[in-house]
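One structure below.
Read the figures in this text as sums done on the coordinates, not as results from a lab. None of these values were measured; they are calculated from a predicted model. Positions of Cβ are backbone-derived with ideal geometry, glycine not excepted, and every protein chain shown enters the neighbour counts.
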Amino acid sequence: MARLMQELVKYLNYLEVPVQVEDYSTRYPELGSLKQKDYKVSTDGFGGLADIDKLRHINITFYCEGAGVLEYVVRGKTDIEREISFLHFKRLTSKTLRIPGHKKHDALKFLVDRKIPVRLRFEVDYENSLIKVIINNYSQFSIFTELWKAEEIDHDFLDMVTRYLLRQDSEFIKPEMSDEARKALRKKLAAIKRSERRFF
């Protein structure tokens, strides 16, 4: 599996047309269109491949990236602390600037790089013959976890992972709510977020 993932990463890095990511986030709709790039594979904390017989995990990482920075203002100490915590937790590069005429805890301007780190992690559970798949920041800054039986890891599984990475279909993730309900919820959350923030 590790060697196949390495081949997949080589293929993704040499794509002539980068994968476009539209509407990545309802929390930050101003991120706009992003491109997937800089694919890497690592195993057990090493770049490249570790000993296949002792393999514990495989990571595929890449970025959803756009030009420039996202700028916005957050007001109120609690909301500022929440925003800083969120950006740190999601590993987004950012900095803050004081706004003239405001105390530090009243309002801060956030400058966030339009570069979102994405990770697919495949963890091997030898005792139970399971593969745990953990996906961070693929879309909507989400975290997704699912268990697969070892015997399910075949060429069909790898094809599904490839189509998922290319954003050709989302069968790899099986949502628990309907697409209509998810879209309605996203619109509602976006409207709430827009009303909470004022942009310069």
Open item on the list: For a test of understanding, tell me how many lysine pairs in region 79-151 have Cα atoms under 28 Å apart, given they are 8 or more places apart or on different chains.
Closed with: 12
Open item on the list: Could you list Glu22, Glu123, Glu146 so that the one with the fewest beta carbons within 10 Å of its beta carbon is first and the one with the most is last?
Closed with: Glu22, Glu146, Glu123
TODO: Using a Förster distance of 45 angstrom, determine the FRET efficiency expected from the C-beta separation of Ile84 and Phe157, and round it to 0.05.
DONE: 0.70
- [ ] Please order Asp113, Asp38 by the number of other Cβ within 10 Å, starting at the fewest.
- [x] Asp38, Asp113
TODO: Using R₀ = 22 Å, calculate the FRET efficiency as 1/(1 + (r/R₀)^6) where r is the Cβ-Cβ separation of Leu166 and Ala67; round to 0.05.
DONE: 0.50
- [ ] Rounded, prolate or oblate: pick one for region 71-132, where a ≥ b ≥ c are the square roots of the eigenvalues of its C-alpha gyration tensor, a/c under 1.5 means rounded, and failing that, prolate if a/b is larger than b/c, else oblate.
- [x] prolate
Open item on the list: Please compute the length gained on full extension between Ala150 and Arg27, using 0.36 nm multiplied by the number of residues separating them and subtracting their Cα-Cα distance.
Closed with: 40.7 nm
Task: Sorted by Cβ density within 10 Å, fewest first, the residues Thr26, Thr96 - done: Thr96, Thr26
Open item on the list: I need the phi-derived Karplus couplings for region 149-156: 6.51 cos²θ - 1.76 cosθ + 1.60, θ = phi - 60°, integer Hz, Gly and Pro marked x.
Closed with: 6, 4, 5, 7, 7, 9, 5, 4
- [ ] Would you mind calculating the gained length between Arg56 and Asp44 on full extension (0.36 nm times residue separation, minus the Cα-Cα distance), in nm to one decimal?
- [x] 3.7 nm
